[in-house]
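K.L.:
Take this structure, written in structure tokens, and hold onto it; I'll ask about it next.
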Amino acid sequence: MLDAIGNGLYGLIAGFTNLHWSNPIMIGVGGLLLYLAIKKDIEPLLLLPIGFGCILVNVPLAGLMEEEGFLKTIYDAGIATELFPLFIFIGIGAMTDFGPLLENPRIFLLGAAGQFGIFLTLALALALGFSKLDAVAIGVIGACDGPTAIYVSSKYAPHLLSAVSVAAYSYMSLVPIIQPPIMRFLTTEEERKINMGTVKRSVSKTTKILFPLVVTVIGGLIAPKGLPLFGTIMLGNLMRESGVVSRLTKASENEIANIVTLLLGISIGATMDGRNFLTPQTLMVLCLGFIAICLDTVCGVMFGKLLKVITGGKINPLIGAAGISAYPMAARVVQREGQKYNPKNFLLMHAMGANTGGQVGSVMAAAVMLSVLKGMGII
Amino acid sequence: MDNWTFGITMIIVGMGGTILTMWLLSLLMGLLRKLFPYKKEEAGK
């Protein structure tokens, strides 16, 4: 009788006795993510479910990430199969107006330059001793694009998924803090004052409809391994621009995107078990992710300066900083910086063009990277 | 393949491939704009 009572009581304290030293720390990390989401309004749609998932998985004995645990079931259904990031991409495509980019197609090149941080960070990670596929997953943080980072890391370095995705989303939200000092350091006051004029609305509907088809076919032929990435964005965009499936477009940008964001966030949080997360490797991934985004900005602005020279001073190099995928934050940063030095300067629509170019560029860079890896026989 | 060769290959082919792809797309978009120019009638739509 006393044994039974003792065992019963032990059942009530087993959670405490099985607490690993890392669990309370990670519960604190989860709390910090919730604080950032709720109090600071930093990426709340993602950081709130990620933070809560992190807390859930660090409560011992609940078995949420063991076979048949509900978080493991969600993870297996959407992350391991890579479906969640792809569903998010359909929503992104449905929400994005590529009009400003199509107004000035040479801005596409800024979307490419803004991805160079991916490859430079990949090389840096290799130099620091990471394996080839780990370096690929770390480099892709530089895409500044959460779903792309999740897609690549879940496929090729799943043990780094939590660190990579937390880094990707955190730094994406810190773009307004990270970018301006770099932009100011690399440009002269005269360059920041360059007025690019206004963007005219001069792209036909036919061009807007053909754009996603051309990107899908040409991109697919060049980098077939990345077709799921840009194919899904372009599907969403085709639905938007065709105007004939408004129900599907609205569902993609609202209900589907919302549900998948919730499931994606909670299952990423569920990978943040303290035993695996609190390692020197995680710290290195976070540092390299920060470097990746700084390098993206450097390369984007420097390419903007090159375009300025080529076009005879018509391009404000600041818009190069918007050639990353953090949309529309990077474009707003450019607008704000430009207006500081020339209050009559409206760079927003030009920066939006570069920013949407960055969205295409980020998935294209990841696609190119995967196809090169395939070509070298590494995947 | 050693890490050095891999890293340099990824920088050259990866960065080069990305910029070439985006350049090609920019050319095609310029072509599409010429083939299907914007008409004023679309303004009200």
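K.L.:
Go ahead and run the numbers for FRET between residue B:20 and residue A:17, Cβ-Cβ distance against an R0 of 51 Å, rounding to 0.05. Each step should come with its number before you reach the end.
P.N.:
Values: r = 59 Å, r/R0 = 1.17.
The value I calculate is 0.30.
K.L.:
Mind ranking A:176-184, A:47-55, A:77-85, A:195-203 by how tightly packed they are, going by the mean number of other C-beta atoms within 10 angstrom, highest first?
P.N.:
Details: A:176-184: 17.2, A:47-55: 24.6, A:77-85: 18.9, A:195-203: 14.0.
My ranking of the peptides, most packed first, is A:47-55, A:77-85, A:176-184, A:195-203.
K.L.:
Find the relative contact order for region A:269-379 and round it to a whole percent, using C-alpha pairs within less than 8 Å whose residues are 6+ positions apart.
P.N.:
Details: 115 pairs, mean separation 21.6, N = 111.
Value for region A:269-379: 19 percent.
K.L.:
Determine, from the Cβ-Cβ distance of residue A:309 and residue A:259 and an R0 of 41 Å, the FRET efficiency 1/(1 + (r/R0)^6), rounded to the nearest 0.05. Kindly include the intermediate steps, with their values, before the conclusion.
P.N.:
Values: r = 48 Å, r/R0 = 1.16.
Efficiency for this residue pair is about 0.30.
K.L.:
Please give me the summed charge of the neighbours of residue A:180: other residues whose Cβ is under 10 Å from its Cβ, Lys and Arg +1, Asp and Glu -1.
P.N.:
On the way: positive: A:184, A:336, A:340; negative: A:337.
Once positives and negatives cancel, what remains is +2.
K.L.:
Can you tell me what the convex hull of the Cα atoms of region A:145-230 projects to on average, as an area in nm²? Provide the component values of the computation, followed by the final result.
P.N.:
Details: hull surface 35.8 nm².
Its Cα hull, projected and averaged over all orientations, spans 8.9 nm².
K.L.:
Looking at this model, which pairs from A:40/A:200; A:205/A:374; A:155/A:205; A:205/A:340; A:40/A:208; A:205/A:314 are more than 29 angstrom apart at the alpha-carbon?
P.N.:
Numbers: A:40/A:200 36 Å; A:205/A:374 37 Å; A:155/A:205 37 Å; A:205/A:340 35 Å; A:40/A:208 37 Å; A:205/A:314 27 Å.
In this structure, A:40/A:200; A:205/A:374; A:155/A:205; A:205/A:340; A:40/A:208 lie more than 29 Å apart at Cα.
K.L.:
Rounded to whole Å, give me the distance from the Cα center of region A:201-272 to that of region A:292-357.
P.N.:
Using only Cα atoms, the two centres lie 24 Å from each other.
K.L.:
While we're here: What does the convex hull of the Cα atoms come to per residue for region A:136-279, in Å³?
P.N.:
Working: hull volume 24.2 nm³, N = 144.
Value for region A:136-279: 168 Å³ per residue.
K.L.:
Sticking with this structure for a sec: I'd like the mean, over residues of A:108-115, of how many other protein chain beta carbons sit within 10 Å of each residue's own Cβ.
P.N.:
Working: counts 11, 5, 1, 5, 11, 4, 1, 5.
Averaged over the peptide's residues, the number is 5.
K.L.:
Now for a different question. Computing the accessible area with a 1.4 Å probe over protein heavy atoms, can you report the carbon and sulfur percentage for the protein assembly as shown?
P.N.:
Carbon-and-sulfur percentage of accessible area, whole number: 68.
K.L.:
Towards the positive end of the charge dipole of chain A, with charges on Cβ (+1 Lys, Arg; -1 Asp, Glu), say which of A:127, A:195, A:267 has the farthest Cα.
P.N.:
Checked the options; the winner is A:195.
K.L.:
Only four residue types carry charge here, +1 at the Cβ of Lys and Arg and -1 at the Cβ of Asp and Glu. Report the dipole size of region A:1-142 about the Cα centre in Debye, rounded to the nearest 20. Spell out each step's value before the answer.
P.N.:
Details: 5 positive and 11 negative charges, 89 e Å.
Here the size comes out at about 420 debye.
K.L.:
Assigning unit charges at the beta carbon (Lys, Arg +1; Asp, Glu -1) and nothing else, what dipole magnitude in debye, to the nearest 20, does region A:186-265 show about its Cα centre?
P.N.:
Values: 10 positive and 6 negative charges, 65 e Å.
Taking the Cα centre of region A:186-265 as origin, the dipole is about 320 debye.
K.L.:
Considering every residue in A:128-134, what mean count of other chain Cβ atoms within 10 Å of its Cβ is obtained?
P.N.:
Values: counts 0, 1, 1, 1, 6, 0, 0.
That works out to 1 on average.
K.L.:
On to the next question. Using only protein heavy atoms and a 1.4 angstrom probe, determine the accessible area buried between A and B, summed over both sides, in Å² to the nearest 100. Mind dumping the intermediate values first?
P.N.:
Numbers: alone 16790 and 4570 Å², together 18110 Å².
When A and B are taken together, about 3300 Å² of accessible area is lost.
K.L.:
Charges on Cβ only, +1 for Lys and Arg, -1 for Asp and Glu, centred on the Cα centroid of region A:62-144; of A:81, A:116, A:144, which one is farthest towards the dipole's positive end?
P.N.:
A:116
K.L.:
If you count only protein heavy atoms with a 1.4 Å probe, what accessible area per residue comes out for the protein assembly as shown, rounded to a whole Å²? Intermediate results must be reported in sequence, preceding the final value.
P.N.:
Working: 18110 Å² over 424 residues.
I get 43 Å² per residue for this part.
K.L.:
Separate question: I need to check one value: relative contact order of region A:19-375, counting alpha carbon pairs closer than 8 Å and at least 6 residues apart, in percent. Let's see the in-between values first.
P.N.:
Values: 698 pairs, mean separation 110.7, N = 357.
That works out to 31 percent.
K.L.:
Next question. Treating only the Cβ atoms of Lys and Arg (+1) and Asp and Glu (-1) as charged, compute the dipole magnitude of region A:19-375 about its Cα centre; round to the nearest 20 debye. The partial results should precede the final answer.
P.N.:
Working: 26 positive and 20 negative charges, 256 e Å.
Computed about the Cα centre, the dipole is about 1220 debye.
K.L.:
Give me the inter-chain shielding for A:201-209: mean count of other chain Cβ atoms within 10 Å, whole number please.
P.N.:
Details: counts 3, 7, 7, 8, 5, 8, 9, 2, 2.
That average works out to 6.
K.L.:
Where does helix A:116-127 land angle-wise versus the long Cα axis of chain A, in degrees 0 to 90, nearest 10?
P.N.:
That helix lies at roughly 40 degrees to the long axis.
K.L.:
Stretch residue A:195-residue A:246 to full length: gain in nm at 0.36 nm per residue minus the Cα-Cα span?
P.N.:
Numbers: separation 51, 0.36 × 51 = 18.36 nm, distance 3.70 nm.
Here the segment from residue A:195 to residue A:246 would lengthen by 14.7 nm.
K.L.:
List the residues of region A:336-379 for which accessible area in the full set of protein chains is at least 40 Å² lower than for the chain on its own; 1.4 Å probe, protein heavy atoms only.
P.N.:
A:364, A:368, A:372, A:376
K.L.:
Continuing with the same structure: Name the residue from A:301, A:59, A:251 whose Cα lies farthest towards the positive end of the charge dipole of chain A, charges +1 on Cβ of Lys and Arg and -1 on Cβ of Asp and Glu.
P.N.:
Checked the options; the winner is A:301.
K.L.:
Can you give me the distance in nm between label points at residue A:188 and residue B:36, each placed 7 Å from the Cα along the Cα-to-Cβ direction?
P.N.:
Computed distance between label sites residue A:188 and residue B:36 equals 4.3 nm.
K.L.:
If we sort A:348-357, A:332-341, A:12-21, A:32-41 on the protection proxy, mean other Cβ atoms within 10 Å, highest first, what's the order? All intermediate terms of the calculation are to be shown ahead of the outcome.
P.N.:
On the way: A:348-357: 28.6, A:332-341: 20.4, A:12-21: 10.9, A:32-41: 15.7.
So the order, starting with the most tightly packed, is A:348-357, A:332-341, A:32-41, A:12-21.
K.L.:
Give me the compactness ratio for region A:19-375, meaning the Cα radius of gyration over 2.2 N^0.38 Å. Numbers along the way, then the final one.
P.N.:
Numbers: Rg = 20.0 Å, N = 357, 2.2 N^0.38 = 20.5 Å.
With N residues counted in region A:19-375, Rg over 2.2 N^0.38 Å equals 0.98.
K.L.:
In addition: Taking K and R as +1 and D and E as -1, what net charge do the other residues with C-beta under 12 Å from the C-beta of residue A:379 add up to? Please list the in-between numbers first.
P.N.:
Values: positive: A:132, A:155, A:225, A:374; negative: none.
It works out to a net charge of +4.
K.L.:
With angles folded into 0 to 90 degrees, how steeply does helix B:16-35 sit against the dominant principal axis of chain B? Use alpha carbons for both and round to 10.
P.N.:
10 degrees
K.L.:
Do any trypsin sites (Lys or Arg not before Pro) in region A:64-141 lie in a DSSP loop with no more than 14 other beta carbon atoms within 10 Å, and if so, which?
P.N.:
Numbers: sites: A:72, A:106, A:132; in loops: none.
Answer in residue order: no site qualifies.
The values are calculated or read from the model by the stated rules, or taken from the named source; none is laboratory data. These numbers come from a predicted model, not from an experiment. Cβ atoms come from the backbone with ideal geometry, glycine included; neighbour counts cover every protein chain shown. With ligands, DNA and RNA removed, areas are computed over all heavy atoms of the protein, side chains included. Shrake-Rupley method; radii C 1.70, N 1.55, O 1.52, S 1.80 Å.
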